[in-house]
Amino acid sequence: MMKQGKAFKDGGKFSRVFSVRMHWYIWRLKSKNWQVRQAAAEALGRIGSKEAVPHLIEALKDEDWNVRFKAAEALGEIGSKEAAPHLIEALKDENLNVRKAAAEALGEIGSK
């Protein structure tokens with residue numbers, strides 16, 4: 001089974017397809033529709049590229065808690081230590097689900 005994000009390391013056509021898809025999801029993080037932003041954050045976590053990290057960090061500040069929740073989960077899936085200070089800040093989020101996702105993401109980052 002291919003590990004998430006491995007497509008980017010392998011190069012070739014498969015990598016280009018994932019790169020285009022990833023950039024499309026990054027662009028969708030700016031949608032006016034919270035459900036589109038939420039789905040984009042979730043997809044970026046599944047893709048697993050560290051290139052998405054700055055955009056997901058920005059999504060931790062989204063006005064909708066559903067988007068912040070999925071951004072925190074995605075950052076945990078990607079496992080970038082760069083996200084840790086922002087996830088620590090998300091532990092203070094007004095929404096319990098976001099706080100839980102941030103705590104779990106920090107645990108995942110710490111275990112990598």
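Numbers for the structure displayed
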read-out: Out of 63, 73, 94, sole residue that is part of a helix (DSSP H, G or I) and either of a type outside the set (S, T, N, Q) or under 18 Å from residue 32 (Cα atoms) (or both); value: 73
read-out: Tally of residues being among the small types (Gly, Ala, Ser) and within 11 Å of residue 60 (Cβ to Cβ) across region 80-96; value: 2
read-out: The one condition in (1) of a type in the set (Gly, Ala, Ser); (2) under 17 Å from residue 97 (Cα atoms); (3) crowded, with 20+ Cβ neighbours inside 10 Å that residue 52 fails to fulfil; value: (2)
read-out: Contacts under 6 angstrom Cβ, first residue in region 54-73 being over 18 Å from residue 106 (Cα atoms) and free of Cβ contacts under 8 Å to residues at least 40 places away in the same chain, partner part of a helix (DSSP H, G or I) and among the charged types (D, E, K, R), 6 or more apart; value: 62/68
read-out: Checking residue 42 against (1) in a loop (DSSP other than H, G, I, E, B); (2) crowded, with 17+ Cβ neighbours inside 10 Å, the condition it does not meet; value: (1)
read-out: Lone qualifier among 81, 61, 30, 6 - being at pLDDT below 95 and of a type in the set (D, E, K, R); value: 6
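The values are calculated or read from the model by the stated rules, or taken from the named source; none is laboratory data. In this text, all values refer to a predicted model and were calculated from it rather than measured experimentally. Here Cβ is always computed from backbone atoms with ideal geometry, including for glycine, and neighbour counts include all displayed protein chains.
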